[in-house]
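> The structure is given below, and queries will be raised subsequently.
Values in this text are rule-based calculations from the coordinates and carry no lab data. Because the structure is predicted, anything quoted here is derived from the model rather than measured. Using ideal geometry, Cβ is built from the backbone for each residue, glycine included, and neighbour counts are taken over all protein chains shown.
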Amino acid sequence: MFAVKLCSLSDEDLVTTYCDTRNHKVFQEIYQRYKDELFRYCAQMAPQRCIPLMESLWGAFLKAPPKLHQHQLKNWLYIQINKRLRVPGSDEQVSTSNDASLREVLENSPVLKAIQQLPLRQRNVFLLFTECGLSLATAADIEQISLSACRDLLQKSREQIDHTVHGGERRPWKSAATLAREAAVNTCETGTPQTASDSSPQPAPKESNPVFPWGKSPNPAAAPPAAAHRSVEVA
């Protein structure tokens, strides 16, 4: 019965309950709600430090749960993890096997690999907004930049990922027979034969690449808050 009641509580009510009772079942409910998405975020921001960062964050929460003062728990968690990410040289000890397995996952996905190639600030804004579902204003506050600058970084990151995965803009592929027919029609209509370069066969189409959920909209605020492609599976 107690577990059922916990599931019905909001994040903030759970934190208040844990502050008052220090009941471990309350902490477990909070942990289950956020462990996977925080792990995915950290795995893409700092794969070599991911596990120690998680241990540090949840250990601190256990000892001293936050006083949220009407703020959202989700925002508080990402603010705290960003503070830890910004401390150079902290939480560096991690097993080689865990580090290697995370890197293998990141390298085997073209989208995740493209995200890793983004500059750190662009990657953070992109992940906080697209992957973690935070508002653009919250991402700007975490990075301590203006909202317009944050919006520009988000748009640049989307364009860079799109270019890295799909390459430059390509003309539609056409077979040699189709090009020959088009050249004949063009000659009949204009009386000017098509040059060899115009009728040269196009390269065969590559395998289909991922379609990004954010599209190419110039307005990041109108994009859906959460990405359809999730990052790292957590057992």
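> So, by mean Cβ neighbours within 10 angstrom, what's the order for 70-82, 102-114, 153-165 with the highest one leading? Provide the component values of the computation, followed by the final result.
Numbers: 70-82: 16.8, 102-114: 15.1, 153-165: 18.9.
Ranked by mean Cβ neighbours within 10 Å, highest first: 153-165, 70-82, 102-114.
> All other residues with a Cβ under 13 Å from the Cβ of Gln32 taken together, and with Lys, Arg as +1 and Asp, Glu as -1, what is their net charge? It would help to have the intermediate numbers written out before the result.
Values: positive: Lys25, Arg33, Lys35; negative: Asp11, Glu29, Asp36, Glu37.
Value of the local net charge: -1.
> Also, I was wondering about something else. For the range 109-168, what does the relative contact order come out to in percent, with C-alpha contacts under 8 Å and a separation of six or more? Can you show the working numbers first?
On the way: 43 pairs, mean separation 25.7, N = 60.
Worked out over the range 109-168, it gives 43 percent.
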